[in-house]
1. Is there a residue in segment 97-114 that is farther than 29 Å from Gly178 by Cα, surrounded by 24 or more Cβ atoms within 10 Å (Cβ to Cβ) and either of a type in the set (A, V, I, L, M, F, W, C) or assigned by TED's automatic domain parsing to the domain that holds Leu179 (or both)?
2. Can you pull out the residues in segment 282-297 that are in contact with a strand residue (DSSP E or B) (Cβ under 8 Å, 6 or more places away or on another chain) and either part of a strand (DSSP E or B) or surrounded by fewer than 17 Cβ atoms within 10 Å (Cβ to Cβ) (or both)?
3. Among the residues of segment 237-258, count how many are at pLDDT 95 or above, buried (at least 20 other Cβ atoms within 10 Å of the Cβ) and not aliphatic (A, V, I, L, M).
4. Among the residues of segment 214-222, are any under 20 Å from the mean Cα position of the chain (by Cα) and within 18 Å of Gly21 (Cα to Cα)?
5. Run Glu201 past the list (1) modelled with pLDDT of 95 or more; (2) in contact with a strand residue (DSSP E or B) (Cβ under 7 Å, 6 or more places away or on another chain) and report the number of the one that doesn't hold.
6. Just for segment 24-58: of the residues that are under 15 Å from the mean Cα position of the chain (by Cα) and among the aromatic types (Phe, Trp, Tyr), which one is surrounded by the most Cβ atoms within 10 Å (Cβ to Cβ)?
7. When you scan segment 76-87, do you find a residue that is touching a helix residue (DSSP H, G or I) at 6+ places or on another chain (Cβ under 7 Å), buried (at least 23 other Cβ atoms within 10 Å of the Cβ) and either hydrophobic (A, V, I, L, M, F, W, C) or in contact (Cβ under 8 Å) with a residue 40 or more places away in the chain (or both), even just one?
Amino acid sequence: MSPAAVTVRVPAKVNVQLAVGPARPDGFHDLANIFLAVGLYDEVTATPAESPRLTCEGPGADQVPLDESNLAARAALALAARAGRPADVHLHIAKDIPVAGGMAGGSADAAGALLACETLWRTGASRDELLAICAELGSDVPFSYVGGAALGTGRGERLAPLAVGGTFHWVFAQADGGLSTPAVYRAYDRLAASEGRTVPEPEADPAVIDALASGDAKALAAAVHNDLQAAALDLFPALRRTLDAGTEAGALAALVSGSGPTTAFLAQDADSARTIARALTPHCRTARVTTAPAPGAVVVGQ
């Protein structure tokens with residue numbers, strides 16, 4: 001007998017390395033993308049319905065589309081099509097991951113919807129089949145499903161799990177306003193062209209991988225890097241003040257998270273993270289303290 005409702009929790013992510021290659025003919029960029037799942041979560045609840053329906057609550061919910069352009073809705077439709085069944089489900093998203101913040105909130109919701117619908121409908125899809133649907137939906141969706149830490153190549157959808165040897169303390173500062181990921185990539189290409197730079201093929205940095213494996217926050221801080229940061233700052237210059245404030249407050253590293261505009265600060269320990277968060281409060285909408293790594297999509301209620 002199918003459950004009456006299924007709730008899945010899914011994590012946000014930070015890119016501790018985001019190496020971006022030249023633009024491909026299809027408009028995408030090859031990446032060497034080292035993902036780390038962090039303890040900020042959305043929850044997606046699937047319940048039977050007469051027809052597809054999507055609702056959302058929480059911070060930034062008014063910015064979330066409630067039609068078939070939403071990745072969570074597309075996930076349900078894709079699984080239903082694969083199973084040859086109607087997508088008769090009500091998906092409710094409880095947001096806590098910043099919207100349009102470079103932390104893969106939309107991708108997390110897609111991964112959560114996919115697992116929730118599979119658990120509700122019991123289609124028999126394997127983990128590999130679900131991950132293949134994730135990859136079709138978007139570059140970050142597979143990682144949102146698996147969590148932990150991983151190296152993503154291709155567009156970021158081809159994952160190799162990475163070891164993490166300890167707990168890392170983070171602060172995430174949410175900016176007032178959002179950034180479009182495609183716009184940030186266009187700015188990246190424009191800046192490279194204007195500077196006459198030849199963009200190399202992306203490669204994972206062994207120093208980042210080693211720092212994660214050892215659990216050494218100072219080593220990770222020395223190695224983190226985001227190739228999209230200059231583009232994000234070009235489009236959203238006020239983020240420089242936030243990055244500077246976090247550094248002055250003792251952050252071991254300060255960087256734009258993914259395509260931004262959320263900024264990420266690596267702290268030595270929990271006390272340092274709280275100090276950094278207090279210092280950031282005048283410079284951002286919210287400053288959130290959390291840890292990493294975090295698990296991927298998991299059923300928390302049915």
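The values are calculated or read from the model by the stated rules, or taken from the named source; none is laboratory data. Here the structure is a predicted model, which means the values were calculated and not measured. With ideal geometry, Cβ positions are generated from the backbone for all residues, glycine too; neighbour counts draw on all protein chains shown.
1. No: zero hits.
2. Arg285, Thr286, Ala287, Arg288, Val289, Thr290, Thr291, Ala292, Pro295
3. Qualifying residue count, segment 237-258: 2.
4. No.
5. (1)
6. Going through the qualifying residues, I end up with Phe35.
7. The answer is yes, given that some residue of segment 76-87 is touching a helix residue (DSSP H, G or I) at 6+ places or on another chain (Cβ under 7 Å), buried (at least 23 other Cβ atoms within 10 Å of the Cβ) and either hydrophobic (A, V, I, L, M, F, W, C) or in contact (Cβ under 8 Å) with a residue 40 or more places away in the chain (or both).
Listed here are the residues, each with its yes/no results for (1) closer than 25 Å to Ser107 by Cα; (2) assigned to a loop (DSSP other than H, G, I, E, B).
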| position | (1), (2) |
| --- | --- |
| Thr198 | no, yes |
| Pro261 | yes, yes |
| Phe265 | yes, no |
| Ala277 | no, no |
| Leu280 | no, no |
